[in-house]
Amino acid sequence: MELQMHEEHRVIKLTDVEILPNAGKTILGILEAHVNGFIYTASNFRMVFMHANLEMFFMRLGDKMMPPLLQFHLEHSVTKDIQFCLVPSPLGQVRYEKDNQIRNSSRNEDLKNFVQKVQQEPQSWGSKLPIHFYDLEEFKFCGAFPTGASATCALTVSALVMLEETPFVVFPLLDIEIVNLAQLGPETVDMTVVFKDIKRDVLEIRLVPLKFLTGIKHRLNFGGVKYYVNSKSLDWSMLVKDIREFPKKFIDSGGWGSSNLELEDSRTLAYYSDSDSDSYSYDPYGPYMCY
């Protein structure tokens, strides 16, 4: 499949964009949106990203800690994720080097204009879905890893995104078997993610503030991921290890619905009953219902 180029007057552009990963040195270039793909051009190289090879799109506006950015999650590539950070133009850098807020405000507008125009373009032949950039800030929640390190995450209806590294680590919801949401304290929830590939280690995000629970359940439900809400404190790494070694025993005992595990309680059942009702309405692109 070849890239179909827009005529020059129709090309949607972002200038002064740094690409990540970048092999240890800063490279600035231009990101262009065309009929069925994107082109990133810098002084010494050119990269093409076809819509057919792009699974998910994310954006985040800049703040004092991080510049505005876009991220593509690729289907087939040497690296799964490519991030584009908007940096100040040379003139803007000199003018606003002491004022991050003003600088990021200008670049945030550039980012929003680019995203809005790209999303208004007709869906190209070969693309998996209409292009929609999830604003990660709207879906963000916090917690802690078992090591004690802080965890900043975002959960959309298509992926769980870890915001600690760049490019961000993306876990598609299609790769997730179950999520357990254990309310072990009055104000926090421990979130455990078990992947369909049972050889993978479980992902644990502890001490998630309870105010994020409603939004997390909505996203998982809309994304088709089975989850459990309970107060069970389990050694998930050991549990998955046992499943890995004795899969038939796990299946014969009833799988995740086994009475030995007792993952499903009244809170899980009540929520699924509510979400299946005719009156249930939910916007997958809207922000979390936090309070």
> Is it the case that Ala42 is surrounded by 14 or more Cβ atoms within 10 Å (Cβ to Cβ), more than 27 Å from Asp175 (Cβ to Cβ) and at pLDDT 95 or above?
Replying inline: no
> Can Lys117 be described as under 22 Å from Thr79 (Cβ atoms), surrounded by fewer than 16 Cβ atoms within 10 Å (Cβ to Cβ) and among the charged types (D, E, K, R)?
Replying inline: no
> Going by the conditions given, is Val157 under 30 Å from Leu86 (Cα atoms) and crowded, with 18+ Cβ neighbours inside 10 Å?
Replying inline: yes
> Just for segment 202-241: of the residues that are out of contact with any strand residue (DSSP E or B) (no Cβ under 8 Å at 6 or more places or on another chain), more than 19 Å from Phe145 (Cα to Cα) and not β-branched (Val, Ile, Thr), which one is surrounded by the fewest Cβ atoms within 10 Å (Cβ to Cβ)?
Replying inline: Gly224
> When residues of segment 129-172 are filtered for being out of contact with any His (no Cβ under 8 Å at 6 or more places or on another chain) and either charged (D, E, K, R) or outside any loop (DSSP other than H, G, I, E, B) (or both), how many remain?
Replying inline: 25
>> Quick check on segment 128-148. Is at least one of its residues under 20 Å from Val202 (Cα atoms) and without any contact (Cβ under 8 Å) to a residue 60 or more places away in the chain?
In response: yes
>> Among the listed residues Lys248, Lys199, identify the single one that is in a helix (DSSP H, G or I), out of contact with any strand residue (DSSP E or B) (no Cβ under 9 Å at 6 or more places or on another chain) and either at pLDDT 95 or above or of a type in the set (Lys, Arg) (or both).
In response: Lys248
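The values are calculated or read from the model by the stated rules, or taken from the named source; none is laboratory data. Values in this document were obtained by computation on a predicted structure and should not be read as measured data. Using ideal geometry, Cβ is built from the backbone for each residue, glycine included, and neighbour counts are taken over all protein chains shown.
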